[in-house]
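No lab work stands behind these numbers, since they all come straight from the coordinates. What you see is a predicted model; the values in this text were computed from it and never measured. We place every Cβ from the backbone using ideal geometry, glycine too, and count neighbours over all the protein chains shown.
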Amino acid sequence: MTEFNKIVFVGLDGVPFSLLKNFFDLDVMPGLKKLAADGIFSPMDSSRPPISSVAWTSFMTGKDPGHHGIFGFTDVARDEIRLTLPSFDDIRAPVIWNKFPEKRSVVVNLPFTYPARPLNGVLIAGFVAPIFERAVHPMSLVPWLKAKGYRTDTDNVKARQSKSFLIDDLFSTLRALEEVVFTLEREPWDIFIFVVTGTDRLNHFLFDALKDHTHPYHFESVSYYRRVDDFVSRFLARLDVRTRKVILSDHGFTDLKLQVNLNYFLRMRGYLSLDSLEARDISGISPNSLAFAMDPTRIYINSKSRFRTGFLSDSQALETRVRLRNDLIQFRISDLGPVASELGANLNESLFTEVKLKEEIYQGPCLEFAPDIVVTPRSGYDVKASINASSLCQKDIFTGVHTQDDAFVIVGDREANEEFSKFSVSDISGLIPWKRGSVN
């Protein structure tokens, strides 16, 4: 048994196991292919819902949302129907580096770590990080990072106007990340974590280009993955044999067929009404609404026990929840309307492969704040929760969408097989090779 005294976690945001396996077969990513062959290469389940804020928080705490309290990039206020924007400060479970305060940690570009908090080491927060000076600890690193042109994310607004801009921006942000990571690796550390988020951005905009050799951006898209492989491989080559190496994604990805507006469905079925068609967010729903949805797949029942302006008694809320769950289970692809026939799908298939009550998927002290219902759409369907959507479904400039399954993990040694028969994203921090509070 190897006695590991350090550990590295490298995140490739949104990279699916199936795509990575195909790239290994095509020798697009030879460095990671060799690491996988020498160790463990496994598919992995993501969080519910499978979005970066929830999944990376599950990774860094080793807990599900019922324990860490993060259910999305946006959330509902504790006692009223009002939009809130949770941050790193709202995580209610200890993160990896706080579990081992005697270890020195370097954390770079890990999503949902803004605002940066003091730690024994360095933290450069990942997206969303609106004020850069609050994204870095220690703050003395800010001038250096700015001089390197370091950014926490690509410009995804401009990317919608120009794929060429996106490609240039992906390589530019990756170059800056490389330089920062290689510099900080020379510092003393026990835990090193960094995340490449450009893979997720490319997959959203150009997932179709990765498999289509005739696509005008196929070469550039595949070249980006080659560059990521080269970067990660060169970094890992600098590490000794007593450093455990873990590469992972936070969720899977697949081809996007259609976006479906969940709040429009609730309005159609009489569960939701708005004070005005000009409503911008959930604060604009009518007080007598029975339920409302939040991005991407969460539904909340408007109960008196949950919200101080709630409409439903406990018994009414229970009845509404059961009825709504049944309506969601019965929703078919054909119910999407004429556009469904263009998708080449089985029209009799249910839109949602799972419709789960919160008690079925979450546990822990934050359960009372969890969504009442969480849906898992059939592969290729992206569930949205715009409060004032004017149609049940639409297509988008995106060509790829997240999946709850088909994430991946690579462990550079086979010894972890003795501890894990199947991985989920909340298991990965368990690969740390020492017990809490120990000093090697």
Can you give me the angle between helix 314-330 and the longest principal axis of the chain, using Cα atoms only, in degrees from 0 to 90, rounded to the nearest 10?
80 degrees
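What size of dipole, in debye to the nearest 20, comes out for the chain about its Cα centre when the only charges are +1 on Lys and Arg C-beta atoms and -1 on Asp and Glu C-beta atoms?
Numbers: 52 positive and 56 negative charges, 121 e Å.
Charge dipole of the chain: 580 debye, to the nearest 20.
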With charges set only on the Cβ (+1 for Lys and Arg, -1 for Asp and Glu), what does the dipole of the stretch 233-379 come to about its Cα centre, in debye to the nearest 20?
560 debye
Of the listed pairs K211/K257; K103/K146; K158/K211; K257/K384, those with alpha carbons more than 21 Å apart are K103/K146; K158/K211
Under 20 Å between alpha carbons, and skipping anything fewer than 8 positions from K304 in its own chain: which lysines qualify?
K358
About the Cα centre of the stretch 277-321, how large is the charge dipole given +1 on each Lys and Arg Cβ and -1 on each Asp and Glu Cβ? Please answer in debye to the nearest 20.
140 debye
Order of 61-68, 238-245 by packing, highest average Cβ count within 10 Å first?
61-68, 238-245
In degrees, nearest ten, helix 163-185 long axis to first principal axis of the chain (Cα):
50 degrees
Value of [θ]222 nm, deg cm²/dmol, for the chain, DSSP H segments ≥ 4, -39500 (n - 2.57) each, nearest 500:
-9000 deg cm²/dmol
Calculate the length of the line joining the C-alpha centroid of the stretch 260-281 to that of the stretch 294-323, in whole Å.
15 Å
Selected from T297, N263, Q316, residue furthest toward positive end of dipole (the stretch 258-395; charges at beta carbon)
Q316
Checked the chain with the C-alpha gyration tensor, a ≥ b ≥ c its square-rooted eigenvalues, rounded below a/c of 1.5, otherwise prolate if a/b is larger than b/c and oblate if not; verdict prolate
Identify, among G364, L336, S286, the residue whose Cα sits farthest towards the positive end of the charge dipole of the stretch 258-395, taking +1 on the Cβ of Lys and Arg and -1 on the Cβ of Asp and Glu, with the dipole about the Cα centre.
S286
